[in-house]
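The values are calculated or read from the model by the stated rules, or taken from the named source; none is laboratory data. In this text, all values refer to a predicted model and were calculated from it rather than measured experimentally. Quick reminder, even Gly has a Cβ in these numbers, built from the backbone with ideal geometry, and neighbours come from all protein chains shown.
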Amino acid sequence: MRAEHDRAVLAGLLGRDPVLHAYQLGDLDDFFWPFTSWFRAGDEVVLLYHGVQLPTVLAFAAPGRVAALAALLRRVAPVLPARLYAHLSPGLIGALAGSFGHVPGGRHHRMALTDPGRLAGVPPAGEVLGAADLPELLRFYERAYPGNWFDARMVETGQYVGVRDGGELVAVAGVHVFSPAYGVAALGNVATVPRCRGRGLGAAVVAALCGRLRERVGHVVLNVKADNTAAVRLYERVGFTRVADYDEFSLVSRVGSAAAAG
């Protein structure tokens with residue numbers, strides 16, 4: 001195992017499957033790079049992203065490579081923070097279970113925009129939101145998506161789109177990752193206020209945003225909870241398909257827990 005600092009090496013490895021590794025590829029961008037730590041053994045890569053309040057480890061592998069990535073995760077475990085979040089391909093949590101207690105956060109689907117022709121069937125709507133809209137955007141998420149993860153810096157990408165009704169933001173679609181340099185974008189923070197749900201506004205802002213993103217990147221992806229059937233159907237309507245699954249976990253070091261108990 002080694003800490004990897006060469007972005008070209010990482011881009012080469014992750015770029016072999018840009019949909020599976022879209023979030024990691026995006027984090028190679030200058031916008032995110034200062035908040036990342038990378039670990040590598042051979043062709044396997046683990047990312048620790050510490051640009052959020054709770055650091056997050058990302059480790060994804062195709063089924064045939066899970067065992068090799070698990071071996072790297074076991075070696076990385078001793079240098080991880082005592083508390084963190086994890087996004088892991090199915091079967092990988094066992095590699096961390098000896099070092100961390102874990103609470104499942106649910107199975108998620110990775111979806112990719114594989115049939116963009118469907119966008120033509122969804123009338124786009126929304127205006128681009130910028131820094132001046134940030135206070136209103138924060139209030140919007142308090143109403144429409146309480147508890148969501150929203151990094152205010154992401155508005156600086158120019159890839160947040162919103163619909164207003166009576167002067168009030170009622171539907172928004174944005175990004176968690178946007179990197180023209182590495183050809184990837186990941187949708188995030190998609191929401192509609194309760195009073196306006198069922199009117200197709202979510203699909204409209206997603207369609208508008210996807211149209212913008214496709215002008216700049218080759219791969220558009222998103223993560224969605226597997227049991228959120230309404231969201232899955234919305235994304236399928238505009239051309240997304242399920243390409244992989246992963247699991248989320250909250251992790252707490254067993255060493256730290258034992259010391260606290262003592």
field: Contacts under 8 angstrom Cβ, first residue in the stretch 190-215 being on the phi < 0 side of the Ramachandran plot, partner in a helix (DSSP H, G or I) and of a type in the set (Lys, Arg), 6 or more apart
entry: Val193/Arg143; Pro194/Arg143; Ala203/Arg237
query: Of the residues that make up the stretch 137-147, is at least one within 30 Å of Leu28 (Cβ to Cβ) and either within 15 Å of the chain's Cα centre (by Cα) or surrounded by fewer than 14 Cβ atoms within 10 Å (Cβ to Cβ) (or both)?
result: yes
message: What's the number of the only condition in (1) in contact with a strand residue (DSSP E or B) (Cβ under 8 Å, 6 or more places away or on another chain); (2) within 29 Å of Ala181 (Cα to Cα) that Trp33 fails to meet?
response: (1)
task: Working carefully through the options Ala204, Ala185, find the one that is under 22 Å from Gly51 (Cα atoms) and either over 18 Å from the mean Cα position of the chain (by Cα) or of a type outside the set (Val, Ile, Thr) (or both).
output: Ala185
message: Restricting to the stretch 220-248, and then to whatever is at pLDDT 95 or above and touching a Gly at 6+ places or on another chain (Cβ under 6 Å), can you tell me which residue is farthest from Leu54 (Cα to Cα)?
response: Lys225
Extreme residue, farthest from Ala152 (Cα to Cα), among residues of the stretch 51-91 that are in a strand (DSSP E or B) and over 14 Å from the mean Cα position of the chain (by Cα): Arg83
field: Residues of the stretch 224-258 classified as among the small types (Gly, Ala, Ser) and more than 17 Å from the chain's Cα centre (by Cα), total
entry: 6
query: Hey, among Leu48, Leu25, which residue is part of a helix (DSSP H, G or I) and surrounded by 17 or more Cβ atoms within 10 Å (Cβ to Cβ)?
result: Leu25
message: Between a residue in the stretch 106-118 that is at positive phi and any residue that is modelled with pLDDT of 95 or more, which pairs come within a Cβ distance under 9 Å, given they are 6 or more apart or on different chains?
response: Gly106/Lys225; Gly106/Ala226; Gly106/Asp227; Gly106/Asp247; Gly106/Glu248
task: Go through the residues of the stretch 121-134 one by one and say whether even a single one is crowded, with 23+ Cβ neighbours inside 10 Å and either modelled with pLDDT under 95 or closer than 25 Å to Phe32 by Cα (or both).
output: no
Val19 being within 19 Å of the chain's Cα centre (by Cα) and under 24 Å from Asp245 (Cβ atoms): yes
